[in-house]
1. What FRET efficiency, computed as 1/(1 + (r/R0)^6) with R0 = 22 Å and r the Cβ-Cβ distance, is obtained for N41 and R92, rounded to the nearest 0.05?
2. Straight-line reach from K66: which lysines have a Cα under 17 Å away, not including same-chain ones fewer than 8 places off?
3. So which of K37/K125; K83/K126; K65/K126; K98/K126 end up more than 26 Å apart by C-alpha?
4. If I model a spin label as a point 7 Å beyond the Cα along the Cα-Cβ vector, how far apart are those points for L50 and N111 in nm?
5. Report which label in [x] 26; [y] 12; [z] 31 holds the value of percent of Cα pairs over 25 Å apart derived from the coordinates of this structure.
6. With a probe of 1.4 Å, find how much accessible area the chain has per residue, and write the answer as a whole number in Å².
7. In degrees, nearest 10, range 0 to 90: what is the angle between the Cα axis of helix 106-127 and the longest Cα principal axis of the chain?
8. Divide by every residue of the chain the summed helix terms, -39500 (n - 2.57) for each DSSP H run of at least 4, and state the resulting mean residue ellipticity at 222 nm, rounded to the nearest 500 deg cm²/dmol.
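The values are calculated or read from the model by the stated rules, or taken from the named source; none is laboratory data. Keep in mind the model is a prediction, meaning the values are calculated, not measured. Here Cβ is always computed from backbone atoms with ideal geometry, including for glycine, and neighbour counts include all displayed protein chains. Surface accessibility is based on the protein's heavy atoms, side chains included, excluding ligands, DNA and RNA. Shrake-Rupley method; radii C 1.70, N 1.55, O 1.52, S 1.80 Å.
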Amino acid sequence: LEEIKKIKFDKKNFEFIIETTESILKINEEFIKLESKNFKNFALIYSLMLRLRGLYCIECLAKNKKFTNEGFREYAISKGVNKLDKLYSIYRSVRDKKRSAEEISKEIVINLYNVVKNETKKKSKKIN
């Protein structure tokens, strides 16, 4: 861990994360279109939450801040994510390979998608 702390932050090191996030967002957008009003594709929610966590991680590294779950919650809410507790519950269920009893609307997932997309664009501009 101490060795990792010594690595200097270089924006170019994050190009891969931004590029793959942009690519995955295109795929996610198509899957969102296929979903009905009551969203059932929890793997897609997992993907979006994972990408948002990655963007938060980049921000932490850029600002020399420690990554924390509470910090992530504050970051996500400040960026406009709605129903974060439900989304986080679904994310954790998928991560832990458990079934989720949560129900979530397509609008909430679209909101999450838009937040990830907008934050990816902002990070991309800062890197390039």
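1. Efficiency for this residue pair is about 0.85.
2. K5, K6, K8
3. In this structure, K37/K125; K83/K126; K98/K126 exceed 26 Å between Cα atoms.
4. 2.4
5. Only one listed value fits the structure, namely [x].
6. That works out to 66 Å² per residue.
7. 20
8. Rounded to the nearest 500, it is -23000 deg cm²/dmol.
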